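Novice: Below you will find the structure I want to go over with you.
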2 protein chains.
Amino acid sequence: MEARNLLRFLFLSLISVAAFVLVLTFLQLSYQLPRTVELLDCATNSAWRASRNPCNHALDTPHHPLDPLTIREFEKVRSILSSHELFESSSYALHSVDLEEPEKTLVLKWKKGETLLPRKASVVARVDSKSVYVLTVDLGTGNLTVRETGEHSGYPMLTVEDVTGTTLALFASADFNRTIVQRGIDLADLACLPISTGWYGKSEENRRLIKVQCYSMDGTANFYMRPIEGLTFLLDLDTKQVVEISDTGRNIPIPKAADTDYRYSVLQEDPHAMKPLNPISIEQPKGPSFTVEDKYLVKWANWEFHLKPDARAGVIVSLAKFRDPDTGELRDVMYKGFSSELFVPYMDPTDAWYFKTYLDAGEYGFGLQAMPLDPLNDCPRNAYYMDGVFAAADGTPYVRPNMICVFESYAGDIGWRHSESPITGMEIREVRPKVTLMVRMVASVGNYDYIVDWDFQTDGLIRVKVGLSGMLMVKGTTYDNINQIPNQENLHGTLLSENVIGVIHDHYISFYLDMDIDGSENSFVNVNIKRQQTSPGESPRKSYLEAIRNVAKTEKDAQIKLKLYDPSEFHVINPSKKTRVGNPAGYKIVPGATAASLLDLEDPPQIRAAFTNNQIWVTPYNQSEQWAAGMFVYQSHGEDTLATRSDRDRAIENKDIVLWYTLGFHHIPCQEDFPIMPTVSSSFQLKPVNFFERNPILRSPPNLEKDLPVCKPVASV
Amino acid sequence: MEARNLLRFLFLSLISVAAFVLVLTFLQLSYQLPRTVELLDCATNSAWRASRNPCNHALDTPHHPLDPLTIREFEKVRSILSSHELFESSSYALHSVDLEEPEKTLVLKWKKGETLLPRKASVVARVDSKSVYVLTVDLGTGNLTVRETGEHSGYPMLTVEDVTGTTLALFASADFNRTIVQRGIDLADLACLPISTGWYGKSEENRRLIKVQCYSMDGTANFYMRPIEGLTFLLDLDTKQVVEISDTGRNIPIPKAADTDYRYSVLQEDPHAMKPLNPISIEQPKGPSFTVEDKYLVKWANWEFHLKPDARAGVIVSLAKFRDPDTGELRDVMYKGFSSELFVPYMDPTDAWYFKTYLDAGEYGFGLQAMPLDPLNDCPRNAYYMDGVFAAADGTPYVRPNMICVFESYAGDIGWRHSESPITGMEIREVRPKVTLMVRMVASVGNYDYIVDWDFQTDGLIRVKVGLSGMLMVKGTTYDNINQIPNQENLHGTLLSENVIGVIHDHYISFYLDMDIDGSENSFVNVNIKRQQTSPGESPRKSYLEAIRNVAKTEKDAQIKLKLYDPSEFHVINPSKKTRVGNPAGYKIVPGATAASLLDLEDPPQIRAAFTNNQIWVTPYNQSEQWAAGMFVYQSHGEDTLATRSDRDRAIENKDIVLWYTLGFHHIPCQEDFPIMPTVSSSFQLKPVNFFERNPILRSPPNLEKDLPVCKPVASV
């Protein structure tokens, strides 16, 4: 760090509200927030950009009712708010500023070429560090209305200023400085992470709190592997006071820096550096087969969908439609799909760890953590990039460049095939390659990197895949070998290196999937696979399996725990749209490998993340019910989750319904995860089931040699 | 079919023992087996070959103790057998001729450059349609020894001659001809599939039987969609007599041919033909990064393994080793891995369907069904191909060209990554692309195509993926719409098109995985994830998860049913090989989506396929225990399966052990599966767990623009 001798803070800015935001601390107490103009200027972000898109969004205009707010619209919101009486004489912070999507029925009716529906912004504002308002700002009329939100325990997502303010307060605290010095840490080497406190009872009520833990970055960029164990600072986010210091790990050494750095610039000189493989890439010399119209409307093969970045959800896919190859008709599949919430509980009940039970989307904003993608490594060379535009706490817009990429992928897989035996005289060997369209975002939520892929396939299937990489959250320990550990002691994880424990944890990511199969009136069918015994004399067989269709009448019929020995298919169907032979048109959700939360249902984090109580839920559509852990998640008590809503047991048959699926991972760390983790991933699918009359890629062509490119190594050109 | 008016049989040859072998029948009763020389000659197979490999294998010599038998060795076996007294004056059939692999300890000791271990062949022969012998033929000494096999109920795999003989017998039968004519079928349009009978009691004992069902190929190459329903011929494989004709479906029409063909030559003129996507391919202008030494030894990145085709298993991966990036040491991972058996039970207990409970590998030979791969569509352009050499029933060798492909795959995925917030001053965005080495085989077992991928990754992970495509096995019905079906009637499947039911069925594929983690003495550890409740006052948390390690002492400890709500990791470890901080070196098996057999445990097919009673088993290594449903599977009673062996409950701790994993699919057909199925796939992983001291791909380089190729569309060159 060339700047480590400068005595200054380097400050969290509007560009980055990294969860567990990294606060790089230097000793001089001066800082400056970047000016807005810089945030909109490509040049200042040059290291973070690919060359493909012009990044000046100042003149953007919306084209579609679902297009996100433009920079001019953000500015208009800011100007309307600042002149409103609610904010006139008060200090306030905007915790979110987003498009307020028009009513679903209006969006469904709207057609390209028609006047755009009235543009509105939805704003969550806190005034005077007390009252929370949810506001609708009409961008046409300038009207501002306060929405009734009822009682709620939680607070809105953290703002950047919440975090920066906390950090300033922390470094201004004599107690903090004394404690760090007592631990023998050079303040120049300090990196601190703010951590949401969760809710465990009275002490987390009626005030906004945050915990901070620190790391040493002496000798490595990977400070995550060098925890100052057992040292936790509790701060009040509004009074900026250090409320409590817990310092229980003084005997625990800070793990060594050696072998923790992961940067190519450091490792390429390593004697063990890997011999690179010969160059390999996905090539499309005639260019991609997809188009992006009006910035957000993606068209590829038979698919068409609206794609946009979102501060809280990350990526939102809307109005996904598929052109039926038999009829040419553009058919509704999904009105809206996105990752609604995450839950990441760590499995250590001790003082410095018990509260680590993150709800990343609602606490930090999943989209806000999505850093610019690396154009040759996060996505292949043939990718297209989409920028995000978000607002800071004072309403100022800024651009997050290259936040989403879209590309066609070909891994050498097979779409369908059949060979006949040549001797039959039928020389049949028909094979079709499988090419898919990938939409990718990566959220770097502090230490963890979540890769979220929406993979659209030519056969109508959508595969949603979540990959986990980045760094483990590790715990310091006095042990440097397992043989030192007393038999009864519970490490709560795996010893990964000398003095480093990778703590056991889970990841859950819950997807909101508003399926509209040929329209909004749909039903959820549990197609249960059951063993039937034959009657004596009926058959030489004793048993066989039968598929029994159960249509869910109310929400509780659709609270599903997956069971290997009591399996089902899960269909969303349109009961009034039948195929030629009479099957209802549908899509099924096909789970892949997953994990279920095993925490006590009455444990506070499990109550708050009760959307993980089942893998599948189905709710009636309600525009206000989009967040699996509730609208206000920070320090929430869990009274407004998917579980509490679903327990109302509303009717869901032949109605506009929303399917929810939660993908889970248990993670027992292993040494291969140190110092940075190879990607682990899992997925689920949304798959047509009697949606088409027949295989929709029956008539797709094979690869032919004459169409494939001619490629040369760069050096030879 | 240009030949459809010729009155002749077109015969099953030595090239193809397709399971449910397609017998294209024409009315003239003459046929000719291809001459051996043609089978070894590239020219006669030209339509089925890529251009890469010279296909003349006549001069091949073995280089490694595990190399398969060469053509010269096959010929030597044949000559030794034909002059032996056992065969001198008898008719005989060779049901398999394979390398008899040397003892594992000898193979492990052998080093390149040393004299090859004595070459032996293992032969299964039936003499005079009665006695079955398992013979060891010493290719050096010419000695032939008869191996003791004990009592067994089943018969060896079908030979080509079994099937061709059956078919001849069938067409010679007046009853058969009369029945077909009574059904109003033109014999010129007939295609018949021989189907293993299974075992259901006395009537399938003491004689070898086969059932045959027929289809109409009038108007389509996809005769599978045109069943002549309810017509089953039972034949004795040895006496060649038609034992029984069951004709119960006379009222059921043969489904229409329209819209069933899938050949590009037919469909490219279709008005609904798909607009092709722009060309896309995986390009490696500097060539692949792997080498294949001595025909069978593959080296790529840090991997090294022996790869070979096998008549019964398909693909065998042996001696898989990984060069540790820290030490440079080549470390054992797996001694041998292959698909040991399949089980495909159909879920219809009625007369024409109950017996369809295939054990494809043991009944038909999974490798024998692997047709040549399509060089631009089964595998990408950068693939390398490997041929198989097998023996016919008289011992004559023949070549199956392009049976396996090997290629590097890059789908745009991410090996590992991390971004820091740019504002920290640490401009970190480190991302590594994920390139893997794929080994692929596709077995076309009659209607179904099984794509088996062994995917080797740079981080030491092996992913085994099974894809299913091809055609459904369908049932004729009088219904052409669901609304005609009485409420109580069980279709046993889905109405897919007029008069076509896709019958519900399962697929199981069981993998033999002889893991050798740093040597052969290993243990199996069930790392159980259990909820722990905190004591009152211990923590604000009520619960957390703990990982509890249970080392399996005996086989029954390792009979595992997967449970979402009682999850475990499953490690194979070397208890005497520890990492620096003391973790035992291991690999874990990571299941993906799977299905469990729900059939009655006492149902005959389930008894025979009892390896599907659990998802995971661990057995002590025993060279004679490689087949999950037993050595002799055809009409077996299930007395020699993985389950019966495992129930002996032998010691498995710190021993040479074999891990077994069974991957399952429930398949409720849907209209998208008609007339040919988009590929459905699932996978499992073998993943290092504390095998390495740290992330083994930490020091891999990113993609750099300067290394990537320059590609042009073909037309522009």
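Novice: Only strands (runs of 3 or more DSSP E) wholly contained in the range B:649-717 count here; list those with 3 or more residues that are at the interface with chain A (Cβ under 7 Å from one of its Cβ atoms).
Specialist: B:677-689, B:710-712
Novice: So how many residues does the range B:106-130 have that are touching a residue at least 40 places away in the same chain (Cβ under 8 Å) and in contact with a strand residue (DSSP E or B) (Cβ under 6 Å, 6 or more places away or on another chain)?
Specialist: Residues that pass the stated criteria total 4.
Novice: Another one. For the range A:171-218, give me the residue count where each residue is within 27 Å of B:G537 (Cβ to Cβ) and of a type in the set (A, V, I, L, M).
Specialist: Going through the range A:171-218 one residue at a time, the tally reaches 4.
Novice: Can I ask one more? Return the pair list, or none, for Cβ contacts closer than 8 Å from residues in the range A:318-335 that are free of Cβ contacts under 8 Å to residues at least 60 places away in the same chain and outside any strand (DSSP E or B) to residues that are among the charged types (D, E, K, R) and surrounded by fewer than 19 Cβ atoms within 10 Å (Cβ to Cβ), at least 6 apart or on different chains.
Specialist: Listed pairs, sorted by first residue: A:E329/A:R323.
Novice: Another question about this same structure. Taking the criterion of being more than 7 Å from chain A (Cβ to nearest Cβ), assigned to a strand (DSSP E or B), touching a residue at least 40 places away in the same chain (Cβ under 8 Å) and surrounded by fewer than 24 Cβ atoms within 10 Å (Cβ to Cβ), would at least one residue in the range B:621-630 satisfy it?
Specialist: No - not one qualifying residue is present in the range B:621-630.
Novice: On to the next question. Which numbered condition in (1) touching a strand residue (DSSP E or B) at 6+ places or on another chain (Cβ under 6 Å); (2) within 10 Å of another protein chain (Cβ to nearest Cβ) is the only one that B:V618 fails?
Specialist: Unmet condition: (2).
Novice: Among the numbered criteria (1) part of a loop (DSSP other than H, G, I, E, B); (2) without any contact (Cβ under 8 Å) to a residue 24 or more places away in the chain, which one does A:T145 miss?
Specialist: (1)
Novice: Here's another thing I want to ask about it. Are any of the residues in the range A:592-605 in contact (Cβ under 8 Å) with a residue 24 or more places away in the chain and assigned to a helix (DSSP H, G or I)?
Specialist: In the first step, residues of the range A:592-605 are kept if they are in contact (Cβ under 8 Å) with a residue 24 or more places away in the chain; the result is A:592-597, A:599, A:604-605.
Next, only the ones that are assigned to a helix (DSSP H, G or I) stay: A:604-605.
Yes, that holds for at least one residue.
Results for (1) modelled with pLDDT of 95 or more; (2) part of a loop (DSSP other than H, G, I, E, B), shown as yes or no for each residue.
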{"site": "B:A50", "(1), (2)": "no, yes"}
{"site": "B:P62", "(1), (2)": "yes, yes"}
{"site": "B:E73", "(1), (2)": "yes, no"}
{"site": "B:S96", "(1), (2)": "yes, no"}
{"site": "B:V107", "(1), (2)": "yes, no"}
{"site": "B:S129", "(1), (2)": "no, yes"}
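Novice: Which is surrounded by fewer than 24 Cβ atoms within 10 Å (Cβ to Cβ) and within 8 Å of chain A (Cβ to nearest Cβ), of B:R381, B:R463?
Specialist: Working: B:R463 fails: within 8 Å of chain A (Cβ to nearest Cβ).
Just a single option satisfies the conditions, and that option is B:R381.
Novice: So, in the range A:486-531, exactly how many residues are in a strand (DSSP E or B) and either away from chain B (no Cβ under 14 Å) or under 14 Å from A:L472 (Cβ atoms) (or both)?
Specialist: Of the range A:486-531, the ones in a strand (DSSP E or B) are A:493-497, A:500-503, A:505-515, A:521-531.
Applying the additional criterion that residues be either away from chain B (no Cβ under 14 Å) or under 14 Å from A:L472 (Cβ atoms) (or both) yields A:493-497, A:500-503, A:505-507, A:509-515, A:521-524.
Of the residues in that region, 23 qualify.
Novice: Okay, next question. Working carefully through the options A:A301, A:A320, find the one that is within 14 Å of chain B (Cβ to nearest Cβ) and either farther than 25 Å from A:P696 by Cβ or crowded, with 20+ Cβ neighbours inside 10 Å (or both). If you could, list the steps in order and put the result at the bottom.
Specialist: On the way: A:A320 fails: within 14 Å of chain B (Cβ to nearest Cβ).
Checking each option against the conditions leaves just A:A301.
Novice: Sticking with this structure for a sec: State whether the residues of the range B:272-289 include one that is more than 7 Å from chain A (Cβ to nearest Cβ), of a type in the set (S, T, N, Q) and either in contact with a Ser or Thr (Cβ under 9 Å, 6 or more places away or on another chain) or touching a residue at least 60 places away in the same chain (Cβ under 8 Å) (or both). Full working, then the answer.
Specialist: Initial filter on the range B:272-289 (more than 7 Å from chain A (Cβ to nearest Cβ)): B:275.
Okay, now just the ones that are also of a type in the set (S, T, N, Q), so none.
Taking every residue of the range B:272-289 in turn, none turns out to be more than 7 Å from chain A (Cβ to nearest Cβ), of a type in the set (S, T, N, Q) and either in contact with a Ser or Thr (Cβ under 9 Å, 6 or more places away or on another chain) or touching a residue at least 60 places away in the same chain (Cβ under 8 Å) (or both).
Novice: Here's another thing I want to ask about it. It is to be established whether one or more residues within the range B:187-197 are touching a Lys or Arg at 6+ places or on another chain (Cβ under 7 Å) and part of a loop (DSSP other than H, G, I, E, B).
Specialist: Among the residues of the range B:187-197, at least one is touching a Lys or Arg at 6+ places or on another chain (Cβ under 7 Å) and part of a loop (DSSP other than H, G, I, E, B), which makes the answer yes.
Novice: Checking the conditions here, which among B:L187, B:L231 is among the hydrophobic types (A, V, I, L, M, F, W, C), in contact with a strand residue (DSSP E or B) (Cβ under 6 Å, 6 or more places away or on another chain) and under 27 Å from B:S173 (Cβ atoms)? Show your work before the answer.
Specialist: On the way: B:L187 fails: in contact with a strand residue (DSSP E or B) (Cβ under 6 Å, 6 or more places away or on another chain).
When all the criteria are applied, what remains is B:L231.
Novice: Need pairs with beta-carbon distance below 8 Å; first residue within 16 Å of A:G664 (Cα to Cα) and away from chain B (no Cβ under 11 Å) and within the range A:347-364, second acidic (D, E) and crowded, with 22+ Cβ neighbours inside 10 Å; sequence gap 6+ or separate chains.
Specialist: Hits for this filter: A:L359/A:E341; A:D360/A:E341; A:A361/A:E341.
Novice: Then there is this: Which of the residues that make up the range B:609-620 are part of a loop (DSSP other than H, G, I, E, B) and either surrounded by 24 or more Cβ atoms within 10 Å (Cβ to Cβ) or at pLDDT below 95 (or both)? Don't jump to the end; show me each part of the working.
Specialist: Of all residues in the range B:609-620, those part of a loop (DSSP other than H, G, I, E, B) come to B:609, B:614-615.
Correct list: B:A609, B:Q615.
Novice: Let me ask something else. Tell me, please, whether a residue that is out of contact with any helix residue (DSSP H, G or I) (no Cβ under 6 Å at 6 or more places or on another chain) and more than 26 Å from B:V442 (Cα to Cα) can be found in the range A:426-438.
Specialist: yes
Novice: Which residue is nearest to B:P276 (Cα to Cα), if the candidates are limited to the range A:304-331 and must be in contact with a Gly (Cβ under 6 Å, 6 or more places away or on another chain) and of a type in the set (D, E, K, R)?
Specialist: Checked the range A:304-331; the qualifying residue nearest to B:P276 (Cα to Cα) is A:D310.
Novice: Here's something else I'd like to know. Looking at the structure I just gave you, is A:V500 in contact with a helix residue (DSSP H, G or I) (Cβ under 8 Å, 6 or more places away or on another chain) and buried (at least 22 other Cβ atoms within 10 Å of the Cβ)? Even if it seems obvious, please write down each step before you answer.
Specialist: Details: in contact with a helix residue (DSSP H, G or I) (Cβ under 8 Å, 6 or more places away or on another chain): yes; buried (at least 22 other Cβ atoms within 10 Å of the Cβ): yes.
Spelling it out, A:V500 is indeed in contact with a helix residue (DSSP H, G or I) (Cβ under 8 Å, 6 or more places away or on another chain) and buried (at least 22 other Cβ atoms within 10 Å of the Cβ).
Novice: Filter the strands (runs of 3 or more DSSP E) completely within the range A:219-317 down to those with at least 2 residues that are within 24 Å of A:T167 (Cβ to Cβ). I'd like the intermediate steps shown before the answer.
Specialist: Details: elements: A:231-236, A:242-247, A:281-283, A:291-293, A:297-300, A:303-310.
Because the criterion is at least 2 residues that are within 24 Å of A:T167 (Cβ to Cβ), the strands (runs of 3 or more DSSP E) in the range A:219-317 that meet it are A:231-236, A:242-247.
The values are calculated or read from the model by the stated rules, or taken from the named source; none is laboratory data. Predicted, not measured: the structure shown is a model, and the values here were computed from it. Don't worry about glycine lacking a Cβ; one is built from the backbone with ideal geometry, like all the others, and counts go over all protein chains shown.
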